[in-house]
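Below is one structure, written out as structure tokens; comments come after it.
Nothing in this text is a laboratory measurement; each read-out follows from the coordinates by a stated rule. Every value quoted in this text rests on a predicted model; they were computed, and no experiment measured them. Note that we place each Cβ from the backbone using ideal geometry, even for glycine, and neighbour counts take in every protein chain shown.
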Ligand code: SIN
């Protein structure tokens, strides 16, 4: 297993201390990886700048074939990669395997897109000249990726960036560098030329980022993580007027109307809430249940939560792993305590699990006040606050009363109502009678402070392109 920095196709030791990697199921150290310094970030951008030129000059079909090999190679190593994810992130092995299929699919999708980056040709309205528009790559892209999907949040950025002809420097999350480094190694095995993908973990993200952003060759930043950090990175990007793509925080409402199929709504709610141990930015964060079904929905959701088996992701039958660290447990617990202090009742759960590791009880909170702090913060844990509603307009106002606008879900038997409410939700993605929506073929991203730009679909590849217009006459 590689535990060094991948820069320009060679594996190098970092400078100074190494980064300890913990198993969140036990909080024990399982590995150490090299720690990238600001100088390493600069070296990685240097290497990317050199490699990018010849990568961009390759025929799109040739790039596409390398990307397709990346898809196949990740699939061929799915079991091994899934085990790494479960070791360092903690999610159940079955979810980790699902993550690898999802992660690999970004390469297959973008292999298909690499040969379809379209421009246009038109005649100027005056008739004086032609207007040719085409889309060259941006150049070197710096990527900062999160720990909740140690593989997929890397491939969702890398695959379209490479398809468009860019080279990348990745700072994987310090919590989950093992998967990232192995993905980097496998991409090289699949034929990605040296220097096109560089992987530099660090325990000093601020200094690392400053160095990478100040490098003249860096032309874009792509980030997935919290809105608070995204704002800091955007400020730094502004200093160099860098293109940026930001996938930031969420606060998804999950709405259940009284005509909904309750079994389907509960199943969808469990997916939307509990997927990948409830640590997703698309996770349902607030459940608005129409008054006629609010009690029944809460009861059935609590019964479904009672079936969740919490534990080490390698153990049979476990469906919810640990949270990433002790800080996450404290933050989840303080939101739960705040809601209960404000009049909510715990239909199930409501506390951390005693013992080693970072576990929280699957929790359903009934009769939550719509203004409780838990409805305004991203929980990032297995807690479902249910808010009964009677007035649809007021509920939509409450659902939209947040700076976040990433995902929303709604269940109703009336598809017309479903579509008209979907249109009124200020959210980049809506699951209508569906609890899952992530798909490499769909544009993932948020409105408002949930982000800028889209990942996936054909939109995703154009994020990593410039637009050039040529005026000419013939
Ligand atoms: C995320 O949590 O950032 C991504 C979730 C997804 O891709 O489904």
With r as the distance between the Cβ atoms of residue 424 and residue 130 and R0 = 51 Å, compute the FRET efficiency 1/(1 + (r/R0)^6) and round to 0.05.
0.75
So how far, in whole Å, is the C-alpha centre of segment 63-130 from the one of segment 165-195?
13 Å
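Return the equivalent ellipsoid semi-axes of segment 252-439 as a descending list in whole Å, where each equals the square root of 5 times an eigenvalue of the C-alpha gyration tensor.
Working: eigenvalues 130, 58, 48 Å².
Over the Cα atoms of segment 252-439, the ellipsoid semi-axes are 26, 17, 15 Å.
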With a Förster distance of 30 angstrom and the Cβ-Cβ distance between residue 75 and residue 263, calculated FRET efficiency to the nearest 0.05 equals 0.35
What distance in nm lies between label points placed 7 Å from Cα along the C-beta direction at residue 291 and residue 436?
3.6 nm
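Hey, can you rank 41-48, 115-122, 344-351 by average C-beta count inside 10 Å, highest first? Display every interim value, and only then the final one.
On the way: 41-48: 25.0, 115-122: 12.1, 344-351: 18.6.
The packing order, highest mean first, is 41-48, 344-351, 115-122.
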Sorted by average packing, counted as other Cβ atoms within 10 angstrom per residue and highest first, what order do 435-441, 155-161, 266-272 take?
155-161, 266-272, 435-441
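At a Förster distance of 56 Å, what's the computed FRET efficiency of residue 354 paired with residue 235, Cβ-Cβ distance as r, to 0.05? Working shown, then result.
Values: r = 42 Å, r/R0 = 0.74.
Calculated value: 0.85.
Going by the alpha-carbon gyration tensor, a ≥ b ≥ c the square roots of its eigenvalues, is segment 391-446 rounded (a/c under 1.5) or, if a/c is not under 1.5, prolate (a/b greater than b/c) versus oblate?
Numbers: a/c = 2.43, a/b = 1.24, b/c = 1.96.
In terms of gyration-tensor shape, oblate.
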Neighbour counts of other C-beta atoms within 10 Å: give me 434, 108 arranged from fewest to most.
434, 108
Order these by the 10 Å Cβ neighbour count, fewest first: 337, 327.
327, 337
To the nearest 10 degrees, how steep is helix 227-240 against the longest Cα principal axis of the chain, on a 0 to 90 scale?
20 degrees
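Kindly provide the Kirkwood hydrodynamic radius of segment 352-435 in Å, to one decimal, from all pairs of distinct alpha carbon atoms.
Numbers: mean 1/r = 0.0685 Å⁻¹.
Kirkwood radius, segment 352-435: 14.6 Å.
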Under a crude label model (7 Å from the Cα following the beta-carbon direction), how far is residue 371 from residue 314 in nanometres?
5.0 nm
Using only Cα atoms, tell me the angle between helix 152-163 and the longest principal axis of the chain; keep it within 0 to 90° and round to the nearest 10.
30 degrees
Roughly what angle does helix 93-113 make with the longest principal axis of the chain, taking Cα atoms, 0 to 90 degrees, to the nearest 10?
40 degrees
What length, rounded to one decimal in nm, is gained on full extension from residue 414 through to residue 468, with 0.36 nm per residue of separation minus their alpha-carbon distance?
14.9 nm
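Remind me, what semi-axes does the chain give for its equivalent ellipsoid, largest first in whole Å, using sqrt of 5 times each Cα gyration tensor eigenvalue? Don't skip to the answer; put the middle values down first.
Numbers: eigenvalues 290, 160, 71 Å².
Working from the Cα gyration tensor, I get semi-axes of 38, 28, 19 Å.
Going highest first, how would you order 142-152, 88-98 by mean Cβ packing within 10 Å? Please report the intermediate quantities before stating the final value.
Values: 142-152: 25.7, 88-98: 23.5.
Per-residue Cβ counts within 10 Å, averaged per peptide and sorted highest first, yield 142-152, 88-98.
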